[in-house]
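Written out below as structure tokens is the structure these notes cover.
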Amino acid sequence: MAEPVKRLFTVSEYHSLADAGILTEDDRVELIEGEIFQMAAIGNRHAGCVKRLNRLLSRALADRVLLGIQDPIEVDDYSEPEPDISILHPRADDYSSSHPSPKEIFLVIEVADSSARFDRLKKIPVYARNGILEAWLVDLTTDRVEMYREPSAMGYRQVQQLRAGDRISPLAFPDLVLEVGEILV
């Protein structure tokens with residue numbers, strides 16, 4: 001007897017599940033490499049960190065970018081993650097006709113309290129394999145920011161861990177310098 005084969009969903013099939021009412025707005029799920037994952041509820045510190053980053057980035061980058069806050073990005077035919085923050089190239093339609101693709105993304109930021117391991121081992125590699133130039137993982141459990149750069153099929157080639165007292169700048173915006181301690185409050 002043959003081994004069972006896992007059935008993976010495409011982004012299109014994933015959207016069909018929502019259109020049919022099987023998945024609703026209230027379902028906290030993400031499609032990663034063809035699998036639908038239920039995400040944990042967002043805690044207070046996580047929510048506060050996302051709001052703080054939104055405020056800091058909005059002020060500093062103003063009209064140079066569009067910010068996505070927990071919005072979907074379509075990285076390939078089998079993955080539609082929803083990073084906590086995505087810094088996007090401006091587009092006239094504000095992405096109302098399609099979700100951002102990797103070429104339209106300057107940086108994705110994942111904020112993690114209970115999901116750090118999943119983000120590090122599952123989502124960050126998907127970002128790298130699909131050519132997203134930079135990803136940050138704000139790990140609230142260890143009070144550090146992991147910075148990932150130089151994407152490749154094997155993952156990000158450059159990884160740096162930063163703590164309070166360190167500074168961090170997005171690759172695309174070196175003029176924006178953030179204090180890691182300010183992010184982790």
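The values are calculated or read from the model by the stated rules, or taken from the named source; none is laboratory data. In this text the structure is predicted, and so the values were computed from the model without any measurement. Using ideal geometry, Cβ is built from the backbone for each residue, glycine included, and neighbour counts are taken over all protein chains shown. Quick note on the areas: whole protein, heavy atoms, side chains included, nothing else; ligands and nucleic acids left out. Shrake-Rupley method; radii C 1.70, N 1.55, O 1.52, S 1.80 Å.
The single residue among ILE73, ILE69 that is under 15 Å from HIS15 (Cα atoms), in contact with a strand residue (DSSP E or B) (Cβ under 9 Å, 6 or more places away or on another chain) and not hydroxyl-bearing (Ser, Thr, Tyr) turns out to be ILE73.
Among the residues making up the range 55-75, those that are surrounded by 16 or more Cβ atoms within 10 Å (Cβ to Cβ) and over 12 Å from the mean Cα position of the chain (by Cα) are LEU57, LEU61, VAL65, LEU66. In the range 99-117, the residues that are modelled with pLDDT under 95 form Cβ pairs under 6 Å with partners that are open to solvent by less than 40 Å² (accessible area, probe 1.4 Å) and hydrophobic (A, V, I, L, M, F, W, C), at six or more places apart or across chains, as follows: ASP113/LEU140. Restricted to the range 1-30, and to residues there that are in a helix (DSSP H, G or I) and among the acidic types (Asp, Glu), the residue that is surrounded by the most Cβ atoms within 10 Å (Cβ to Cβ) is GLU13.
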